[in-house]
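Engineer: I'd like to ask you about the structure that follows.
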Amino acid sequence: MGANAIVGTLAGGTTADDNAPVDGLLQLGGLFRLSGLQEDQLSGQHFGLIELVYMRRLSNVRFFKTYAGASLETGNVWQRSEDISFDNTILAGSVFLGFDTPIGPLYVGYGRTDTDRQSVYIYLGPRFTF
């Protein structure tokens with residue numbers, strides 16, 4: 001990765017018949033998955049997420065590279081397929097520092113939604129997984 005990186009994600013999911021059991025619901029919430037919400041705060045039969053993450057490398061120390069970044073995300077979960085709409089998505093964003101460490105990436109960040117929900121995050125491990 002160069003000094004600057006932009007990562008875009010478009011993700012979505014649906015249950016087979018709008019009738020998944022509680023343990024089969026799809027979840028959103030947490031850093032880079034509607035930042036500002038708690039981890040997996042939202043759950044439903046359907047989900048959609050669009051995100052754009054910018055990172056800038058601040059240092060290139062061999063085992064401790066440092067990055068600063070920001071994200072912009074929009075998405076939501078829905079119980080019924082007929083409720084899916086851009087009109088009821090949540091807009092969220094974050095600012096964060098990232099560190100490549102010998103035991104995995106470390107993220108420290110702050111997120112906020114357009115509904116004034118806020119969260120502070122500390123994660124050790126990959127965050128760009130679905």
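The values are calculated or read from the model by the stated rules, or taken from the named source; none is laboratory data. Worth saying up front: this structure is predicted, and the values here are computed from it rather than measured. Positions of Cβ are generated from backbone atoms using ideal geometry, with glycine treated the same way; all protein chains shown enter the neighbour counts.
Engineer: Could we say that Leu31 is part of a strand (DSSP E or B) and under 16 Å from the mean Cα position of the chain (by Cα) here?
Structural biologist: Numbers: part of a strand (DSSP E or B): no; under 16 Å from the mean Cα position of the chain (by Cα): yes.
So Leu31 does not fit the description; no.
Engineer: Further question on the same structure: Somewhere in the stretch 31-40, is a residue of a type in the set (D, E, K, R) and within 17 Å of Asp116 (Cα to Cα)?
Structural biologist: Initial filter on the stretch 31-40 (of a type in the set (D, E, K, R)): 33, 39-40.
Narrowing the set further to residues that are within 17 Å of Asp116 (Cα to Cα) leaves 33, 39.
Yes, because at least one residue in the stretch 31-40 is of a type in the set (D, E, K, R) and within 17 Å of Asp116 (Cα to Cα).
Engineer: Still on this structure, please answer the following. Within the stretch 53-102, restricting attention to residues that are assigned to a loop (DSSP other than H, G, I, E, B) and β-branched (Val, Ile, Thr), which residue is nearest to Ala3 (Cα to Cα)?
Structural biologist: Of everything passing the filter in the stretch 53-102, Val61 is nearest to Ala3 (Cα to Cα).
Engineer: Next question, about the same structure. Which condition number in (1) closer than 17 Å to Asp83 by Cα; (2) surrounded by 15 or more Cβ atoms within 10 Å (Cβ to Cβ) is the one that Asn19 fails?
Structural biologist: (2)
Engineer: If the Cβ limit is 9 Å and pairs must be 6+ apart or interchain, which residue in the stretch 1-27 that is under 11 Å from Ser43 (Cα atoms) and assigned to a strand (DSSP E or B) pairs with which residue that is modelled with pLDDT under 85 and not aromatic (Phe, Trp, Tyr)?
Structural biologist: Leu26/Ala20
Engineer: So, in the stretch 40-81, of the ones that are small (Gly, Ala, Ser) and closer than 20 Å to Leu106 by Cβ, which residue ends up surrounded by the fewest Cβ atoms within 10 Å (Cβ to Cβ)? Show your work before the answer.
Structural biologist: Applying the first criterion (small (Gly, Ala, Ser)) to the stretch 40-81 yields 43-44, 48, 59, 68-71, 75, 81.
Keeping just the survivors that are closer than 20 Å to Leu106 by Cβ gives 59, 68-71.
Numbers: Ser59: 10, Ala68: 13, Gly69: 22, Ala70: 15, Ser71: 23.
Ranking the candidates gives Ser59 first.
Engineer: Of the residues that make up the stretch 43-50, is at least one of a type in the set (Phe, Trp, Tyr), part of a strand (DSSP E or B) and modelled with pLDDT under 95? Spell out how you get there, then give the answer.
Structural biologist: In the first step, residues of the stretch 43-50 are kept if they are of a type in the set (Phe, Trp, Tyr); the result is 47.
If we keep only those that are part of a strand (DSSP E or B) too, we end up with 47.
Filter once more, keeping what is modelled with pLDDT under 95: none.
Taking every residue of the stretch 43-50 in turn, none turns out to be of a type in the set (Phe, Trp, Tyr), part of a strand (DSSP E or B) and modelled with pLDDT under 95.
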